[in-house]
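A short write-up of the structure that comes next.
Coordinate-derived values only; no laboratory data. Since we're looking at a predicted model, the values are computed, not measured. Here the Cβ positions follow ideal geometry from the backbone for every residue, glycine too, while neighbour counts run over all protein chains shown.
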Amino acid sequence: MTDRTAELIARDAAVIAGVEKLRFFPATMASGKGAELTDLEGKTYADLTSTWTAAGLGYGHPRVAEAVAQAYQAPPSAGLSIMHESAVRLGERLLELVDGEGDRRVYLGLAGSDACDVALRCARAATGKQTIVAFEHSYHGGFGLAQSVSGVLVEGGAAPYPHGIFVPYPNPFRPHAGSIEASVDDSLAQVEAALQGGDVACVAVEPILSDGGFVVPPEGFLSRLAELVQRYDTLLLVDEVKMGLCRPGAFNTYELEGITPDIVCLGKSLGGGLPLSAAIGPAWVFDSPPASALLTMAGNPICAAAGLAVLDELVSGDYASRCAKLGEHFMGRLRGLQNGAGIEGGRSAERIGDVRGHGLCIGLELVRDRDSNQVDSDLTRKLVFRCWQLGVTVFSVGENVLEITPPLVISPEQIDRAVEVIDQAICDVIDGKVSDADVAPCSGW
């Protein structure tokens, strides 16, 4: 570690608030390009995080950079009190691309947290009902109502919404009710029991449970949930903030099940690295109460220009098809490791419990051994750290799952190199090359 790196680490510790730190390794990055990051010492890393998917098109995408630079030359006011072309065009484009029925509106925000929070508050106000049904281990935002119905945060100590109901999210690898079929039936039965109470304003669901352990629900779960919610004439909110926008091999993940949600929330990659989010849903939900969701810089022309450039690039470049193909390749390579194709006689295979995902939304679950499938959180913490040491940045979710969400511009060659590093890193951690002291300063979740 150079003096420059050590100095930045010390300065960060002295000034940046701990409440906004989620650190897995002491990374000090100087720049990014495409699907790679470069640290202060000039070392380059293959990035499998996309900064929690916020850099969906990678770092410094030329189309987005050009749009932002042009918009900054003479920006009109933000959209709060003065209308401007970019925000209206972005709203129109989102209505074209996001499935829905009837007269709809677009709320433009700054982060997935405010998009989900506003959507939930609007649903509550429009229906006159108080109850929100969400899922255990879910994440919908870091503040307000969205935080209080985020299972993973409530489980970590955040105050729960008094009228919230949490339902188990069916996990094919770890079914909560014996079998996955029984687990799906149980989850849906609990949702229906809540709906029968007559006071549910909204059911909120992630199409892939990301921060709670990267759980991919079994095929048919989302469509059955949508049918159930519709039967009770209740709003269904699908939170695509993290997984949407071509990453799953479709424009949004819910399309894989052929459903049409009432409300869709987007964020992260929508801004191409700038703060931008959106909630799309019925006009009768989002048009009132007037002036009840005010953020001064929401819908500003610079972020709106970035969003338009992102959407144009995703569509013109057919990124949904690209992600489907790259995801098949990536998961194929990881399953090869799981089946013993790795180095040193396939040593890593015994510690890979499951590989799951859609497109470039991939979870790699780590276990103590394949017979018991016991969670191995110690291996996971040290593996993420070792990957960073070997030149790959990847984060973990839940207790023991690698969240693999690389920039959509990643190449097959970069994927192959990342898989080789993961394989090597698992063997290295087994051999004790990462100590408890190494990972102690980086607590992760």
Selection of GluC sites (Glu not before Pro), the range 55-119, meeting DSSP coil and at most 12 other Cβ within 10 Å: Glu101
Net charge of Cβ neighbours under 11 Å - reference Ser113; Lys, Arg +1; Asp, Glu -1: -2
Cα-based shape type of the range 1-52, given that a ≥ b ≥ c are square roots of the gyration tensor eigenvalues and the cut on a/c is 1.5: oblate
Ellipticity estimate at 222 nm from DSSP helix runs (n ≥ 4, -39,500 (n - 2.57)) divided over the chain, nearest 500: -11500 deg cm²/dmol
Scattering curve values for the range 199-240, log₁₀ I(q)/I(0), Debye with Cα scatterers, q = 0.13, 0.20, 0.21 Å⁻¹: -0.29, -0.64, -0.69
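Counting other C-beta atoms within 10 Å, and keeping those with at most 16, which DSSP coil GluC sites (Glu not before Pro) do you find in the range 160-238? Walk me through the intermediate numbers first.
Numbers: sites: Glu181, Glu192, Glu219, Glu227; in loops: Glu219.
Counting only loop positions with at most 16 other Cβ atoms within 10 Å, the GluC sites (Glu not before Pro) in the range 160-238 are Glu219.
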Neighbour-count ranking [beta-carbon atoms within 10 angstrom, fewest first] of Val419, Val133: Val419, Val133
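What is the antiparallel percent of DSSP beta bridges lying wholly in the chain, to the nearest 5?
Looking only at bridges with both residues in the chain, the antiparallel portion is about 65 percent.
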Residue (of Val216, Val154, Gln196) at the positive-pole extreme of the range 75-316, dipole from beta-carbon charges: Val154
Estimated Rh, the range 181-273: Kirkwood, alpha-carbon pairs, angstrom: 13.8 Å
Residues Leu80, Leu245 arranged by fewest to most Cβ contacts within 10 Å: Leu80, Leu245
Label assignment, volume of the Cα convex hull per residue in Å³ derived from the structure, set [x] 128; [y] 167; [z] 143: [z]
Partners for Lys33 among aspartates and glutamates (Cα-Cα distance below 17 Å; same-chain residues under 8 apart left out): Glu41, Asp47, Glu66, Glu313, Glu413
Around Ser179: net Lys/Arg minus Asp/Glu count, Cβ-Cβ under 13 Å: -2
Rounded, prolate or oblate (a/c below 1.5 giving rounded, otherwise prolate when a/b exceeds b/c) for the range 208-338 by Cα gyration tensor: oblate
Proximal lysines relative to Lys433, as straight alpha-carbon distance under 27 Å, when same-chain residues fewer than 8 apart are discounted: Lys21, Lys43, Lys382
Cleavage-rule hits (trypsin sites (Lys or Arg not before Pro)) in the range 1-81: DSSP loop, at most 16 neighbouring Cβ within 10 angstrom: Lys21, Arg23, Lys43
Phi to ³J(HN,Hα) by Karplus 6.51 cos²θ - 1.76 cosθ + 1.60 over the range 202-212, Hz, x for Gly, Pro: 6, 10, 10, 8, 8, x, 9, 6, 7, 5, x
10 Å-binned pair-distance histogram of the range 75-316 (Cα, whole percent): 8, 34, 37, 17, 4, 0
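Over the alpha-carbon set of the range 1-137, divide Rg by the Kirkwood Rh and report the Rg/Rh ratio to two decimals.
1.05
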